[in-house]
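Data block below; observations after.
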Amino acid sequence: MPALAREVGGDDTAGRLVRLFTLTGGRTRPSRTDFTLITTVTAVDPPPERAPRPQPEQARILRRCARPIAVAELAAHLDLPVSVVAIMLCDLLEAGLITVHPPHPVTPRTPDLDLLQKVRDGLGRL
Amino acid sequence: MAGSETTVEAVAPPDTVKILIAGGFGVGKTTMVGSVSEIAPLRTEEPLTVAGLGIDDLNGIEEKQATTVALDFGRITISRELVLYLFGTPGQQRFWFMWNDLAIGALGAVVLVDVRRPESSFAAIDFFERRGIPFVVGVNGFHGEHPYPAEDIRDALALPADVRVLLCDARERESCRDVLIALVDQLIVAAKTA
């Protein structure tokens, strides 16, 4: 796959798109939809013994999520699209290298008064 | 909030919630995010091709250089257990296919309105009304000036009585905070009467 990236290296735009494409192994959507913009991910420390050695881009992600971090923040820091990061996170999750914390569930029909009050109090302290 | 948790809990991931900051192009969404966020606003860009938009769908897009959709966002740590994210929605209407994803799981939205061209925020108001997503309207004064009272703007936008309209200045932290508080207060009122 690095050979493919090198082939089009002269063209910046195409190179960038191809690079993204190789990062995801050609996939354009994650195999699961766990990763919303505000889903929090954390690297498993120490990593499981039988886990495969992470690729360089995966290692970058793991360093960034040594402490819990939201997917959107991770993508912004890595300068990668959220869609690409989500696919890479799928691999890391399946390898047991990260844990995933979903956002607080919000449903318009059953508002969570306790949650709203906490947000209200927090904003009041700003 | 008992404060009796051990250090193991210190790295537990916080719960996350989000509020959307919407409105027409150039109305001050990113300015507002930056005014209240505890971090400098972050940006993530999504290539249209990777975002799952088929090549055929690009036919309607005239500007060929517009190959990414930018999303600006900020963060407010409410407590150790709860973090609020603010997402400025893409302003250009042709990128609204992103909005459905953004809107899922949002507490609510702030629709910013520019008094000089309120029509640029009609579409955002319509979007949230159709989906039943609660919102408040923040009237962002040009240079902080407000030539019209809030009630005039409510009438001009034909807003329902339960939607609050606030005059604000997207450059001012306290002003933006007050708009967010008004939204949450509106959500609390609705929750109590549900």
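Would you calculate the separation in nanometres between label points at B:Ala70 and B:Glu172, each defined as 7 Å from the Cα along the Cα-to-beta-carbon direction?
2.7
Along Cα→Cβ, 7 Å out, is where each label goes; now give me the distance between the ones at B:Ala123 and B:Thr193 in nm to one decimal.
Those two pseudo-labels are separated by 3.2 nm.
Could you give the distance between the Cα centres of segment B:126-174 and segment A:64-126, to the whole Å?
Going from one Cα centre to the other spans 28 Å.
By how many nm would the segment from A:Arg125 to A:Glu49 grow when fully extended, if each residue of separation counts as 0.36 nm and the alpha-carbon distance is taken off?
Using 0.36 nm per residue and subtracting the Cα-Cα distance, I get 22.9 nm.
What is the distance, in nm, between label points placed 7 Å from the Cα along the Cα-to-Cβ direction at B:Arg80 and at B:Glu45?
3.9
Taking only the Cα atoms of segment A:29-124, how large is their convex hull per residue, in Å³?
129
Read-outs throughout are calculated quantities, based only on the coordinates presented, and are distinct from any laboratory measurement. Only a predicted model underlies this, so the values are computations on that prediction, with no experimental measurement involved. Ideal geometry is used to build each Cβ from the backbone, glycine not excepted, and the neighbour counts take in all protein chains shown.
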